[in-house]
1. Evaluate the Debye formula for the chain with equal point scatterers sitting on the alpha carbons, no solvent, and hand back log10 of I(q)/I(0) at q = 0.08, 0.16 Å⁻¹, in q order, two decimals.
2. Among E142, E63, E4, which comes first, second and so on when ranked by fewest other beta-carbon atoms within 10 Å?
3. How do K17, K56 line up, fewest other C-beta atoms within 10 Å first?
4. Using only Cα atoms and rounding to the nearest 10 degrees, what angle (0 to 90) does helix 10-23 make with the longest principal axis of the chain?
5. Compute the length gained on full extension between A102 and D11: take 0.36 nm times their separation in residues and subtract their Cα-Cα distance, giving the result in nm to one decimal.
6. So which lysines pass the test for K66, namely a Cα distance under 19 Å, with those fewer than 8 places away in the same chain ruled out?
7. Cut-off is 10 Å between beta-carbons; in what order do V124, V134 appear when sorted fewest neighbours first?
8. Can you check how the C-alpha radius of gyration of the stretch 106-167 compares to 2.2 N^0.38 Å, as a plain ratio?
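Please treat every number below as a calculation from the coordinates, not as lab data. If you're wondering where the values come from, they're calculated on a predicted model, not measured in any experiment. All Cβ positions, even for glycine, are placed from backbone atoms using ideal geometry, and neighbour counts span all protein chains on display.
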Amino acid sequence: MSSEVIRIDQDAVQKLKAIAYRLDKSIQEVLSAAIESFRRQSMLDATNAAFAALRKDAPAWIEESKERADWDLATADGFQEGEPSSMYVANCEPSHWDACRAETVFGVKPSAHRLPKAGDLLMVRLTGAGRYGVKAIWRVREVTDDDSKPRWPDGPYAKLVWCESLS
């Protein structure tokens, strides 16, 4: 692990040493943990500020509230506590949505980093202006090779993810 010298005031050094001693950790461990904690808190603060700004925009708040109601369906996934599963976000073009919904199938491009497996959850989210947002929560039944049936104008896809609707 590479390191770098950073200057801090003597009061901060003393506090850092005291925390490290109390926790029986190195100064580097304490400082790294503090930085990570600050990074997380800063992200939460920014998220809360964005959320507050959204609440002030009535039309946007209504749209967000509708999308949040869709998210609430994710708690009705049918899994028992402790049962392993993964949740995937599937970004869907609005022009593809009707075909996806009709067969509860989602096409995966060859560039996908990971593929879902049977039992995983797929949150289908429309992208683009106007019709964006979460549209469905599906459970994956199976993943197959594309059968080359023309479903979408930019196909065929590497894999098809066949699902059952939970929403």
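1. Calculated log10 I(q)/I(0) at the listed q: -0.45, -0.96.
2. Details: E142 11, E63 14, E4 4.
Ranking E142, E63, E4 by Cβ neighbours within 10 Å, fewest first, gives E4, E142, E63.
3. On the way: K17 12, K56 8.
In order of increasing Cβ crowding within 10 Å: K56, K17.
4. With rounding to tens, the tilt is 70 degrees.
5. Working: separation 91, 0.36 × 91 = 32.76 nm, distance 6.49 nm.
Net length gain for the segment: 26.3 nm.
6. Here the lysines satisfying the reach criterion relative to K66 are K56, K135.
7. Details: V124 24, V134 19.
Listed from fewest to most nearby Cβ atoms, that is V134, V124.
8. Numbers: Rg = 12.1 Å, N = 62, 2.2 N^0.38 = 10.6 Å.
Compactness ratio reported: 1.15.
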